[in-house]
1. Taking only the alpha-carbon atoms of the range A:227-341, what semi-axes of the equivalent ellipsoid follow from 5 times the gyration tensor eigenvalues under a square root, in whole Å, largest first?
2. To the nearest 10 degrees, how steeply does helix A:168-187 sit against the main Cα axis of chain A, on a 0 to 90 scale?
3. Angle check, please: helix A:70-101 long axis (alpha carbons) against the longest principal axis of chain A (alpha carbons), in degrees 0 to 90, nearest 10.
4. Arrange the peptides A:289-296, A:321-328 so that the one whose residues have, on average, the most other Cβ atoms within 10 Å appears first.
5. Could you pull out every one of the aspartates and glutamates with an alpha carbon less than 15 Å from that of A:LYS372, ignoring same-chain neighbours closer than 8 positions?
6. With everything on Cα atoms, drop me the angle between helix A:294-311 and the longest principal axis of chain A, reported from 0 to 90° to the nearest 10.
7. Are there any chymotrypsin sites (Phe, Trp or Tyr not before Pro) in the range A:62-136 that are in a DSSP loop and have at most 16 other Cβ atoms within 10 Å? List them by number.
8. Evaluated at 10 °C with a viscosity of 1.306 mPa s, what Stokes-Einstein diffusion coefficient in µm²/s does chain A have when Rh comes from the Kirkwood expression over alpha-carbon pairs?
Amino acid sequence: MIDLKLLQKDFETMSSKLIRKGVDLELIEKLREKSQELKKAKASFETLQALQNSMSKEFGTYKREGKDISELKRRVDANKVVISEALEIQRNADLELETIAMSIPNIPDDDVAHGADESDNEELKKVLTPREFSFTPKEHWELAEQNGWIDFERGVKLATSRFSVSFGMGARLERALINFMLDFNRSRGFAEVSVPALVNRTALEGTGQLPKFEDDLYKMQDLDLFLIPTAEVPLTNLFQDEILASEELPVKMTAYTSCFRKEAGAAGRDTRGMIRQHQFHKVELVTISHPDKSDEIFSEMVECASDILTALELPHRLVSLCTGDLGFSAAKTIDLEVWLPGQNTYREISSVSNTREFQARRAKIRFKDGKKNSMVHTLNGSALAVGRTLVAIMENNQQEDGSITIPEVLKPYLGM
RNA sequence: GGACAGUUGGGAGAGUGGCCGAAUCCGCUACCUUGGAAAGGUAGUGUAGGGUAACUUACCGAGGGUUCGAAUCCCUCACUGUCCA
């Protein structure tokens, strides 16, 4: 959630930043209006309530002293009617404000380039040079089928489209990748955590998936529980409504989970292969950080993800997202895109974001900042998406006969 | 699925209608004491909002209700524990 106090204090700056993100000026003005309205409603309710409280106290004294209370009772009863009206007004204002505020995205950092969509993203650097092929490289689904690693038809049989099944070395490689990534992240100071795959509404509101993106989530039929779209949700919300000691910061965590996404609106995109699945494996990084340290940690997280790709000998590039491509909660995002020779293009394999106070304010994650309590910064990033990493290994390491060489760093994980 | 018990501040734990935002203990912070420390003493110590301030509003699992007034009484729900199937 954006800082409503700041919006009041400096409407011009705040609104221009939100407009950069593509938020309607009208909506922002409405937000300001509502928040002023709420403030007024609160003030008048509280004045009335204070009066009621003091009269009620008097009431007690009167009774103890045996005085006549009928006049006092009349006044108190009259005030009660007015109070309930004021309370009603306040509640409505509160609700309306919340509805708007919760659906407004984070403001981008000033150094994030302005742009409409991914075509305006800026490439920061390339790491490793793609290999030269003496033959036409195949796409991963062809290799997957040829090697018997992944079965797309049987995934559909078991569930529906965009599900797949891994077999043999394909399945073992997935497991090896998960272990390798977790160990790697741990070596960079991220503590391993194992979290639930189902979370409640509050958690998803905390990280920003709700209320706006309910259509992308799998919801349990009779319960207010959802399958996680990313481990970012449970990891970040571990500290929901908590006040951390400043010595505890930063809290650096990594977790492996399955992720579940309906991919609503992705119809027709990446329908082949395992680039866009409804269920996929991912190893995630989340940091709860001191505000002063979040830029530094952001770089560490990007570096961590990039170094995993380098260790796996996968060519990739770093891309800074423009305002139009930035996610709902992010103030700044760097995507890592891995080279896929079969597709002859770079594809996203990791996305590292600094949400600054946005999620902290929603999830009420604070820390003791000397005497007072302040919002932490929260950061998240994939390190990495496992399925896509497997895809990248297949396409980059394919031989002319369709066989695939195993990256050296994974061999110990495969007993090789 | 059923029965009973519980959910209070950083922790333990009291509080059955007004003097309770909440006793007491522990912890924590500051000061005093000391050559230094321990012990002891004194003061302070929840969160969020409004106000220059005095001060004020809300919060005792969540939501509703009764009442002039609710941590306390009533209802619903969630969670925890114990027992039963």
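1. After scaling each eigenvalue by five and taking roots: 27, 19, 15 Å.
2. 50
3. For A:70-101 against chain A, the angle is about 20 degrees.
4. For the peptides A:289-296, A:321-328, the packing ranking is A:321-328, A:289-296.
5. A:GLU242, A:GLU247
6. That works out to roughly 20 degrees.
7. Here the sparse-neighbourhood loop sites are A:PHE133, A:PHE135.
8. Value of D from the Cα-based Kirkwood radius: 66 µm²/s.
The values are calculated or read from the model by the stated rules, or taken from the named source; none is laboratory data. Note that the structure is a prediction, hence the values are computed from the model and not measured. Positions of Cβ are generated from backbone atoms using ideal geometry, with glycine treated the same way; all protein chains shown enter the neighbour counts. Side chains are part of the model used for accessible areas, which takes the heavy atoms of the whole protein and leaves out ligands, DNA and RNA. Shrake-Rupley method; radii C 1.70, N 1.55, O 1.52, S 1.80 Å.
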